[in-house]
Structure formats: C-alpha cells, structure tokens
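The block underneath contains the structure these notes are about, expressed in structure tokens.
The values are calculated or read from the model by the stated rules, or taken from the named source; none is laboratory data. Worth saying up front: this structure is predicted, and the values here are computed from it rather than measured. The protein model used for the area step is the full one, side chains on, heavy atoms only, and it has no ligands, DNA or RNA in it. Shrake-Rupley method; radii C 1.70, N 1.55, O 1.52, S 1.80 Å.
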Amino acid sequence: MAADDPNPREGLRRGRNETEEERADRRWTDIMQEIRVAQTGVQILLGFLLTVVFTPIFQGLERTDKTIYVITIVLASLATSALIGPVAFHRIVSGRRIKPRAVIWAARLTFAGLVLLLATLTSALLLVLRVATRNTYVPWLVAVVFTWYLVCWFALPLWVRFRHTSDE
C-alpha cells in the first residue's frame, strides 16, 4: 500500500471484487474440484461392496453382519448419488442463468454426500473389523475412527471458520 493512497483502508479490504455470476462460477469450480476427490473414493468403495455378496465367505456371515452389509451398501449408494448429483444438476440447469442457485444446491448435495460417506465408511469399517476380529473392542475402535472423521471433516474446518472469519 502506497503512502499516497487516497483510501488506506481499501487496501486492507477482504474479499473479492466480483459479480454475482463470477462468484457463482468460482464457487462452482471449487465444488467440482472438491467432489472429484470424494466421488472417486465413494465410487470405488461402492463397486467393491457390490462384489462382496458374490464371495463364498458372504454366505457364512452372521445375520447381524449381513444386516450391516445391507446398510453399508445402501449408504454407499446414497453417498454416490449425492456426490454425483451436482454434475447432473449442472447439466439440467446449465444455460438457464440460475448458477448462483445451482451452486447452493450443489453445495447442499455435496455436504449430504459427505455425511453419507462418513456413515458408509463407519459402517464398512464396523463390518470389516467384526468379520476380521470378532473382538468386543471393535465398536470402541470404530467410535474412535468415527470421531477422527468428525474432527477432520467437520470440527476442524468449523473451528477455523469461526476462529478466523471476521465480521468486518
């Protein structure tokens, strides 16, 4: 900031000088980049889960484990749908001049997809550890991992958001 700047506060202003459409374009690009990571992982997980039912060991699983499997595969399907949803949403509303609203809905679908992915990963971990170990500590271990997911995916970002976002 130069000493002869007529408005010294202007150089300190936060944010971007962009139109609503430019902001929507930027936010849309951000969402698509974020989704690419989660989308790939959940699609691979769903594909793997779909094959499990055809393995010989599946028939020997206890009823509880089969129930956990069904819940896990439904959660993975829902997560996949929510994380792919913004792509279909964009295709359907593209060119209708409603991108700011589309961004809001895409963000909601993405958040729902992440919550469903969290549930899917937790459920899958529970199933795998139950089958692999049959130990009583499995629910506790899954609870610790679930808590770690919550910290990494939600608590830490929210803490940073509230700690470092000003009302200026």
>> How large is the accessible surface of Arg134 in square angstrom, using a 1.4 angstrom probe and rounding to the nearest 10?
In response: 110
> Does anyone have the angle between helix 63-93 and the longest principal axis of the chain? Alpha-carbon axes, 0 to 90°, nearest 10?
Replying inline: 30
> Carbon-plus-sulfur fraction of the accessible area of the stretch 71-110, 1.4 Å probe, in percent?
Replying inline: 64
>> Rounding to the nearest 10 and keeping the result within 0 to 90°, find how far the Cα-based axis of helix 138-150 lies from the longest principal axis of the chain.
In response: 10
> Using alpha carbons only, how many degrees (0 to 90, rounded to 10) separate the axis of helix 99-133 from the longest principal axis of the chain?
Replying inline: 30
> How much length is gained if the chain between Thr165 and Ser94 is pulled fully straight, taking 0.36 nm per residue apart and subtracting their Cα-Cα distance, in nm to one decimal?
Replying inline: 22.4 nm
> Normalised by the residues of the chain, what does the relative contact order come to in percent, with Cα pairs under 8 Å and at least six apart?
Replying inline: 24
>> Let me test this: with uniform point scatterers at the alpha carbons of the chain, what is the Debye-based log₁₀ I(q)/I(0) at q = 0.12, 0.19 1/Å?
In response: -0.72, -1.22
